[in-house]
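The values are calculated or read from the model by the stated rules, or taken from the named source; none is laboratory data. All of these numbers come straight from a predicted model, not from anything done at the bench. Every residue, glycine among them, receives a Cβ derived from its backbone with ideal geometry; neighbour counts consider all protein chains shown.
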C-alpha cells in the first residue's frame, strides 16, 4: 500500500478528506507529517489534536510495510522523518521525484525545498539533517560502519539553510561544503545559511565547528553560541556575524507538528 501522506494548503483544521489508492489527504492544518516519531506511532493528539483522530487511524493503514523505500534499488543511507508543504529529491542517474515522509534517501541525492517548506532526514549514523525553505543540498558522500562506529559524511549546501545535529560520525570525517567555505564538524548542533552570492553564515548552537574559507584565508574555530560568516567576495572568516532570521522548518519536528 502507498505510504505517502499528503497535505493540501487550504488552511483550517486537519480532516481526513479522502483515501484513494492508499493516499491520505489532509488539510493544511497538519502540513505533511511523518507517521513515525522516535520509533513510535504518532498519537492523534500529537498530529493535530482531537481533529486528527481519524487521520491517526488512517496512518496505521498507510504505514503497512516497514522499511524506507530507496529509488531505483539504490542503497538507502537514511530516512525522511517529515516533509512540510513539499520537497523533491534527485537521486544519481534518476529523474527528480517528490519526497514524502518515510521515504529513503541515497548517497549523492540532491534534496530541494520550496517556499515555506522543510524536510527532516535521519541518516544511518543518527545524524539529523533539517533542511529549511528554498534550499538545495546534496548528500555527496555517506559511508558508515555501525559495528566500528566510523564512517564519512560530506554534504554540500549550495543554497538555503540546513541544520545538522551530529550522530556517530564526527571530526574531519564529517564535512559540510558551501560556495565559500568548508566546515569540519566537532559536534554537535549547528546551522548553515547560504545566500544568493554564496555568502555563508554559520551558527553553532552546541559544540564546535572548524570553518575553512575557500579563499585561502586562515581557518577559524567557532564555539557554542558564536556566529561567523564567509562573504561571497572573499575576506576570510568574519567574526560576530549577524545571524539570519530563524527558519521555522529547522525546529524539531514535534514542535512543527503541534
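Using the structure shown, decide if residue 209 is buried (at least 19 other Cβ atoms within 10 Å of the Cβ), without any contact (Cβ under 8 Å) to a residue 24 or more places away in the chain, part of a strand (DSSP E or B) and assigned by TED's automatic domain parsing to the domain that holds residue 84. No: the conditions fail for residue 209.
What's the total number of residues in segment 123-138 that are closer than 17 Å to residue 190 by Cβ and crowded, with 18+ Cβ neighbours inside 10 Å?
Keep residues of segment 123-138 that are closer than 17 Å to residue 190 by Cβ, which gives 123, 125-132, 135, 137.
Subsequent filtering for residues that are crowded, with 18+ Cβ neighbours inside 10 Å retains 123, 125, 127-132, 135, 137.
Residues that pass the stated criteria total 10.
Conditions tested, residue by residue: (1) closer than 18 Å to residue 123 by Cα; (2) in a strand (DSSP E or B).
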{"position": "163", "(1), (2)": "yes, yes"}
{"position": "167", "(1), (2)": "yes, no"}
{"position": "185", "(1), (2)": "yes, yes"}
{"position": "217", "(1), (2)": "no, no"}
{"position": "225", "(1), (2)": "no, no"}
{"position": "242", "(1), (2)": "no, no"}
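Regarding residue 225, is this residue modelled with pLDDT under 95, in the same structural domain as residue 86 (by TED's automatic domain parsing) and touching a strand residue (DSSP E or B) at 6+ places or on another chain (Cβ under 9 Å)? Reasoning before the result, please.
Details: modelled with pLDDT under 95: no; in the same structural domain as residue 86 (by TED's automatic domain parsing): yes; touching a strand residue (DSSP E or B) at 6+ places or on another chain (Cβ under 9 Å): yes.
In short, no.
Among the residues of segment 70-108, those identified as touching a helix residue (DSSP H, G or I) at 6+ places or on another chain (Cβ under 8 Å), buried (at least 20 other Cβ atoms within 10 Å of the Cβ) and assigned to a loop (DSSP other than H, G, I, E, B) are 91, 102.
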